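Asks: My questions all concern the structure below.
The values are calculated or read from the model by the stated rules, or taken from the named source; none is laboratory data. Predicted model only: the values in this text are computed from it and were never measured. When we count neighbours, we look across all protein chains shown, and the Cβ atoms used for this are built from the backbone with ideal geometry, even at glycine. Surface accessibility is based on the protein's heavy atoms, side chains included, excluding ligands, DNA and RNA. Shrake-Rupley method; radii C 1.70, N 1.55, O 1.52, S 1.80 Å.
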Amino acid sequence: MSKTVLLAGGAGYIGSHTAIELIDKGYKAVIADCHYNSNPIVYERLKEITGTDIPHYNIDVCDENALNRVFEENNIDVVIDFAGYKAVGESVREPMKYYKNNLNSTFSLVNTMERHGVSNIIFSSSATVYGMNNPSPLTEDMNLGPCTNPYGWTKFMNEEILRDLSAANEELSVVLLRYFNPIGAHSSGLIGEDPKDIPNNLMPYIAQVASGKLEILSVFGNDYDTHDGTGVRDYIHVVDLAKAHVLAADYASEHKGVEAFNIGTGVGYSVLDIVKAFERVNNLTIPYKITERRPGDIATCYADSSKAEKILGWKAEKNLEDMCRDTWNWQSKNPEGYK
Ligand code: WQD
């Protein structure tokens, strides 16, 4: 019998790509999402890609009564917790919004899991939990924190909460996936990243400059200690990231306890490397200017993902060219996102 995975916050960028890969590997997917940062049109797109009508619930995951109904109506085996706010700058201006929503949604999920005897959870964590001071390549055994913003602390705190729950309940299986910088889109161009306002992250900003929606890219600092002075990050294709969730779901079903995995390529590219690759692959020009550093940014951040390779059997397969091509394919076919 195929297993059922609940994707909490599953209509968003990473969740929607994960739903496809789960279905491809024989899992059943159920999505719960309030569409704060996603668009219900995604369900039609997912049907076009997978041929499956994915059961979905328009609910706030923080609402335990509503979530309880989802568990009553579906035989959930594994939960993936994608639900949460993710705008770093907003989290600095409105910390309570982030602490309240990002922690409560996880509380609600684990309470409801306990009520229904569900013991497998995969949590969307982030490289941001490594804080400012660890040298790259980052390994899972490094000390965590201090984080540079409330968004990062919510990832840090949820990791800690899930670790404590796992220590108190030996039946529980917790997989913490620490994402590096997800970019790219499904090769169909039907789904992709659709930022709510002006993008904060580099790749969606470049994509909107390319489409003429934004005028010019600001490169935040060129005096970092990197090969060209601009910040270096580990960009990972969202489809590779989605596949890591499928392997994590397989793993969680067979193991108990808590395990963290870095999900990155292990290769660092600078801001200007990304701009140049995007221009070359898509044969267009991205106007940019050098501006001040962005507060809270570090020079270099990339993963050692050998643990994920060894234990999950996961490795990134797509390269920077794929990421640039697929981002532009989505953006050029959907210049206004899902609207
Ligand atoms: C990448 C590089 C910028 C925009 C953040 C969060 C992290 C995670 C992903 C997700 C940096 C530079 C960016 C721009 C630029 N959270 N840049 N001009 O900072 O590595 O990670 O997003 O939900 O928790 O901290 O990603 O894409 O914002 O920046 O020069 O307009 O691009 O300085 O060097 P980051 P990013």
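Asks: How much accessible area per residue does the stretch 137-291 have, counting only protein heavy atoms and a probe of 1.4 Å, in square angstrom?
Replies: 40 Å²
Asks: I'd like the Karplus ³J(HN,Hα) series for the stretch 31-47: coefficients 6.51, -1.76, 1.60, θ = phi - 60°, whole numbers in Hz, and an x wherever there's a Gly or Pro.
Replies: With the stated coefficients, the stretch 31-47 comes to 10, 10, 7, 9, 6, 5, 9, 7, 10, x, 4, 4, 5, 5, 5, 5, 5 Hz.
Asks: Another one. May I ask you to evaluate 6.51 cos²θ - 1.76 cosθ + 1.60, the Karplus curve with θ = phi - 60°, for each residue of the stretch 53-70 and list the ³J(HN,Hα) values in order in whole Hz, giving x for glycine and proline?
Replies: After applying 6.51 cos²θ - 1.76 cosθ + 1.60, I find 7, 6, x, 9, 10, 8, 9, 8, 4, 5, 7, 5, 5, 5, 5, 4, 5, 4 Hz.
Asks: Residues of the stretch 239-277 with amide nitrogen under 13 Å from the 7 Å Cα-to-Cβ point of N201?
Replies: Only 239-242, 264 fall inside the zone, counting backbone N under 13 Å.
Asks: Compute the distance in nm between two label points, each set 7 Å from the Cα along the Cα-to-Cβ direction, one at D228 and one at N283.
Replies: It is 2.2 nm.
Asks: Then there's this: Per the Debye formula with a single identical scatterer at each Cα and no solvent contribution, what log10 I(q)/I(0) holds for the stretch 18-110 at q = 0.14, 0.20 Å⁻¹?
Replies: -0.58, -1.05
Asks: Let me ask something additional. Roughly what would the spin-label model give for N39 and N75, points 7 Å off Cα along C-beta, in nm?
Replies: With each label point 7 Å from Cα toward Cβ, the separation is 3.7 nm.
Asks: Turning to a different aspect of this structure: Would you calculate the separation in nanometres between label points at K100 and S218, each defined as 7 Å from the Cα along the Cα-to-beta-carbon direction?
Replies: Placing both labels 7 Å beyond Cα along the Cβ direction yields 2.9 nm.
Asks: Quick check for me: using +1 on Lys/Arg Cβ and -1 on Asp/Glu Cβ, what's the dipole size of the chain about its Cα centre, in debye to the nearest 20?
Replies: 500 debye
Asks: Shifting gears a bit: Carbon and sulfur together cover what percent of the accessible area of the stretch 1-151 at a 1.4 Å probe radius?
Replies: The computed percentage sits at 47.
Asks: Something else: Out of residues 5 or more away from S211 or on other chains, whose amide H comes under 5 Å of its own, with H placed 1.01 Å from N in the peptide plane?
Replies: Under 5 Å from the amide H of S211: no residue qualifies.
Asks: Oh, and also: Within the accessible area of the stretch 244-318, what % is carbon and sulfur when the probe is 1.4 Å and the other protein chains stay in place?
Replies: Carbon and sulfur: 47 percent of the exposed surface of the stretch 244-318.
Asks: Then there's this: Under 5 Å between amide hydrogens, which residues at least 5 positions from I122 or on another chain qualify, with H placed 1.01 Å from N in the peptide plane?
Replies: So I122 has HN proximity to V79, I80, D81, V175.
Asks: Normalising by the residue count of the chain, find the relative contact order in percent from Cα pairs under 8 Å and 6+ residues apart.
Replies: Reported as a whole number, the value is 19 percent.
Asks: Moving on. Among residues other than Y98 whose Cβ falls under 12 Å from its Cβ, what is the net charge (Lys/Arg +1, Asp/Glu -1)?
Replies: Net charge around Y98: +3.
Asks: Would you mind checking the pairs K47/K310; K100/K307; K97/K318; K3/K100; K243/K276; K256/K310 and listing those with alpha carbons more than 29 angstrom apart?
Replies: Distance filter (> 29 Å) returns K47/K310; K100/K307; K97/K318; K3/K100.
Asks: Taking amide H positions as placed 1.01 Å from N in the peptide plane, with prolines and chain starts having none, which residues 5 or more places from Y288, or on another chain, fall under 5 Å of its amide H?
Replies: L217
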